[in-house]
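Student: Please read through the structure below; I'll follow up with questions.
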Amino acid sequence: MRKRLMFITAGVAAAAIALAGCASGDAEPGSTDAAGGSTPAFEVAKDVTIEGSPTFDKISSAGKVRIGVKEDQPGLGYLDAATGERTGFDIQIATWIAASLGVPADKIDFTAIPSANRESALVNGDIDLYVGTYSITDKRKTQIDFAGPYFETGQGLLVAKDNTDIASEADLAGKTVCSVTGSTPLQNINDNFPDTKTVPFDTYSQCVDALHDNKVDAVTTDQAILLGYASLPDSGLKVVGKPFTTELYGVGLPKGDDALRHFVNQMFTDGGATWTKIYDATLGASGTKVGQPKVDDY
Ligand code: GLU
């Protein structure tokens, strides 16, 4: 296979714009970006109070919010290194949360944190919240809390376009697949596919590089993530099979901050209007339609 992820860096600007519309939170309502997508505008709330939330107290005294994200997942969480612009569904969700907390987009400190380091970043107080393809699991809930879910997807497989021997997870025996350390898809393969070899990296873009270099037969993670790589121009890649797990994305929050968790869950139960706008401008721009999952305000 031909191209390493370098081409993604060059080619993604257009793709990410096409996928994501525009990530700016302070655009005029109803404005249209260069790619013709509509731009959700988030009104920055005034005089917000959240009784009993230590995280919110920190955010309001700092006048900014620190949000952990991914930045190599087109359509979900992507940083264009050339322009500094962040795009994608998760970035928009994060920007919406910040605006609802009274924090404008230019006062968000985004930090890229890989899958394996999310819980520790929240436990150590390095970030206030995390929005980045973060599946809600009981194991993670022993260290942190989740608002949501705000998105549903499932584990899938990404292979070379000309690959004919992997059509689904039933074909993985004897194959080598790449996924990310600390992720649920890697755990699933290690636990339930004893005849499949795994190669772990820190990020999915490293896995995509390994696939392009023929070092692995497939990349496995959530289909929503894989579709972002497959739909890049000239990717030479395809997503095969049906999702074979259920992954429900939550907003990672410091454990015990129930007030903030309820606040974010309240946002997600606003009737779906904002969620739909965000989805349509990002993941839904390719024509795929899914609905917002039901919030679990435990
Ligand atoms: N949603 C899965 C997880 O949280 C895979 C994606 C990721 O690693 O962020 O582990």
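The values are calculated or read from the model by the stated rules, or taken from the named source; none is laboratory data. Because the structure is a prediction, the values reported are computed rather than measured. Cβ placement follows ideal geometry from the backbone for every residue including glycine, while neighbour counts extend to all protein chains displayed. Just the protein is used for accessible areas: all its heavy atoms, side chains included, with ligands, DNA and RNA removed. Shrake-Rupley method; radii C 1.70, N 1.55, O 1.52, S 1.80 Å.
Student: Can you spot a residue in the range 135-153 that is closer than 20 Å to Asp213 by Cβ and at pLDDT 95 or above?
Tutor: The answer is no, given that none of the residues of the range 135-153 is closer than 20 Å to Asp213 by Cβ and at pLDDT 95 or above.
Student: Is it fair to say Gly63 is out of contact with any Phe, Trp or Tyr (no Cβ under 9 Å at 6 or more places or on another chain), modelled with pLDDT of 95 or more and surrounded by fewer than 16 Cβ atoms within 10 Å (Cβ to Cβ)?
Tutor: yes
Student: Got a sec? Which of Ala112, Ala98 is among the small types (Gly, Ala, Ser) and touching a Phe, Trp or Tyr at 6+ places or on another chain (Cβ under 9 Å)?
Tutor: Being among the small types (Gly, Ala, Ser) and touching a Phe, Trp or Tyr at 6+ places or on another chain (Cβ under 9 Å) holds for just one of Ala112, Ala98, which is Ala98.
Student: Any residue that is surrounded by fewer than 23 Cβ atoms within 10 Å (Cβ to Cβ), part of a helix (DSSP H, G or I) and either within 12 Å of the ligand (Cβ to nearest atom) or of a type in the set (Val, Ile, Thr) (or both) - is there at least one of those in the range 139-153?
Tutor: Yes, because at least one residue in the range 139-153 is surrounded by fewer than 23 Cβ atoms within 10 Å (Cβ to Cβ), part of a helix (DSSP H, G or I) and either within 12 Å of the ligand (Cβ to nearest atom) or of a type in the set (Val, Ile, Thr) (or both).
Student: Suppose we filter the range 208-249 for residues that are of a type in the set (Ser, Thr, Tyr) and open to solvent by 10 Å² or more (accessible area, probe 1.4 Å); how many remain?
Tutor: Total meeting the criteria: 3.
Student: Taking only the range 176-190 into account, find how many residues are open to solvent by 40 Å² or more (accessible area, probe 1.4 Å) and either in a strand (DSSP E or B) or over 13 Å from Thr203 (Cα atoms) (or both).
Tutor: Here the count works out to 2.
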